[in-house]
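Take a look at this one; I'll ask things after.
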Amino acid sequence: MRRKIIVSAINLLEAGPLTVLQECLEYLSEDLSDKYEIIALVNRKGLFSCGNMEYLEFPQSKKSWLNRLYYEYIFFNKLSKRLNPFLWLSLHDITSNVKAQRLAVYCHNASPFYDLSFGQAIKDPRFALFNLFYKYLYMINIRKADFVIVQQDWLRREFRKLFGLKNVIVAHPKVHDGNFSKRQGGIIRREGDFTFLYPAFPRVFKNFEVICKAAQALLKRGVTNFKVIFTISGKENWYSRGIYNSFGNMKNIIFLGLQRREDIINLYDTADCLIFPSKLETWGLPITEFKKYDKPLLLADLPYAHETLGAYGKAKFFNTDNHEQLADVMKIVMDGVAVFENINPEIIAEPFSRDWKGLFDILLSAN
């Protein structure tokens, strides 16, 4: 009889965490389903096409936190006793109360490690709740886990410091190349305009303000031959509304609104430079994607950005609270006189994996 691997991901329906789940199931289907019986606990089966596994559907889990906690701490305990898994992998932050020979939890949410101000909490109450309560949610059962998985080394340091853990694995996400071929399309740049791009959903830690203030500083200096493209409209939430109300009258800033995946790639094609000032990320996908264009990147001088960037020769880092410094860097990049640092990837200590094979080798082979 084959041993069982259970992947629990009943709340993953969108964005990066859903991509992580899909890639995980693809690897299991293609590489481990001949050796292990794979069972995926999901919200909706229709989101997945991987074969060679059984899907158990939990559509009620997303309807309330009470439902979610009931499944994680009560129902899954009964289910695990019936299924008797070798490995139970919870892919969404909560360490399930289950019986398994090996228990692992994949932690996506970095909100407990952000220093949130009262003003930011008012602008983004949902994130404020995560910031306040996720630390306690993580704390439940986490010391029972054989493995805690995070995407970056800075997060491993925070988990070790907060919870006293020694069993934290750094697992870099797999980033698909997608269609990154150069082509015409997207925003048409007028002759002389230099285009900066910041593709992000509006959350308070995304720090759109520093770019807006840097643009204002450039205009005060008489620098006008540039534009900044945001993928927000000002209608998404309180935070984006505040950004638009404060800076929406600036002709050099384009509030484009949320974009589809293919439209983001068009923007990568046409932009001259990516700015990524976010103060909190578990990875920072646009950094990895924009590197493929061999164009300049202006990045927050924070550990996540350095680790995400890896080896690259056209990046400059700036203080996320210093808009004048960002304005200086934007100007020298526009003028073509920037002296870039030759960035080399940091050495990540073990346990560390670069792909799903490496991660499951650790989870399944460890003593």
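Please state which of the following conditions ASP301 fails to meet, knowing it meets all the rest: (1) outside the structural domain of ALA214 (by TED's automatic domain parsing); (2) touching a Phe, Trp or Tyr at 6+ places or on another chain (Cβ under 9 Å).
(1)
While we're on this one: Could you go through segment 231-245 and let me know if any residue there is within 18 Å of the chain's Cα centre (by Cα), in the same structural domain as VAL333 (by TED's automatic domain parsing), of a type in the set (Lys, Arg) and surrounded by fewer than 22 Cβ atoms within 10 Å (Cβ to Cβ). Reasoning before the result, please.
Of segment 231-245, the ones within 18 Å of the chain's Cα centre (by Cα) are 231-232.
If we keep only those that are in the same structural domain as VAL333 (by TED's automatic domain parsing) as well, we get 231-232.
Still in the list and also of a type in the set (Lys, Arg): none.
Within segment 231-245, none of the residues are within 18 Å of the chain's Cα centre (by Cα), in the same structural domain as VAL333 (by TED's automatic domain parsing), of a type in the set (Lys, Arg) and surrounded by fewer than 22 Cβ atoms within 10 Å (Cβ to Cβ).
Taking the condition of being more than 21 Å from the chain's Cα centre (by Cα) and surrounded by 15 or more Cβ atoms within 10 Å (Cβ to Cβ), how many residues in segment 337-354 meet it?
Looking only at that region, the number is 2.
Specify the residue that is surrounded by the most Cβ atoms within 10 Å (Cβ to Cβ); the eligible residues are those in segment 2-56 that are among the aliphatic types (A, V, I, L, M) and over 26 Å from LEU69 (Cα atoms). Full working, then the answer.
Quick first cut of segment 2-56, residues among the aliphatic types (A, V, I, L, M) only: 5-7, 9-10, 12-13, 15, 18, 20-21, 25, 28, 32, 38-42, 47, 53, 56.
If we keep only those that are over 26 Å from LEU69 (Cα atoms) too, we end up with 28, 32.
Working: LEU28: 21, LEU32: 19.
The residue in question is LEU28.
Would you please list the contacts, defined by Cβ atoms under 7 Å and residues six or more apart or on different chains, that run from a residue in segment 13-36 that is not assigned by TED's automatic domain parsing to the domain that holds ALA200 and of a type in the set (Asp, Glu) to a residue that is buried (at least 16 other Cβ atoms within 10 Å of the Cβ) and part of a helix (DSSP H, G or I)?
Listed by first residue and then by second, the contacts come to GLU23/TRP356.
For residues that are among the charged types (D, E, K, R) and under 19 Å from PHE133 (Cα atoms), tally how many sit in segment 60-82. I'd like the intermediate steps shown before the answer.
Let us first name the residues in segment 60-82 that are among the charged types (D, E, K, R), namely 62-63, 68, 72, 78, 81-82.
Imposing the further condition that a residue be under 19 Å from PHE133 (Cα atoms) reduces the set to 62-63, 68, 72.
Residues meeting the conditions: 4.
Assuming TYR136 fulfils every condition listed in (1) modelled with pLDDT of 90 or more; (2) surrounded by fewer than 18 Cβ atoms within 10 Å (Cβ to Cβ); (3) among the hydroxyl-bearing types (Ser, Thr, Tyr) apart from one, which condition is it?
(1)
Before we move on, is ARG156 part of a helix (DSSP H, G or I), in contact with a strand residue (DSSP E or B) (Cβ under 9 Å, 6 or more places away or on another chain) and buried (at least 20 other Cβ atoms within 10 Å of the Cβ)? Spell out the reasoning first.
Working: part of a helix (DSSP H, G or I): yes; in contact with a strand residue (DSSP E or B) (Cβ under 9 Å, 6 or more places away or on another chain): yes; buried (at least 20 other Cβ atoms within 10 Å of the Cβ): yes.
Taking the combined requirement at face value, the residue satisfies it.
The values are calculated or read from the model by the stated rules, or taken from the named source; none is laboratory data. Only a predicted model underlies this, so the values are computations on that prediction, with no experimental measurement involved. Virtual Cβ from ideal backbone geometry, glycine too; neighbours counted across all protein chains shown.
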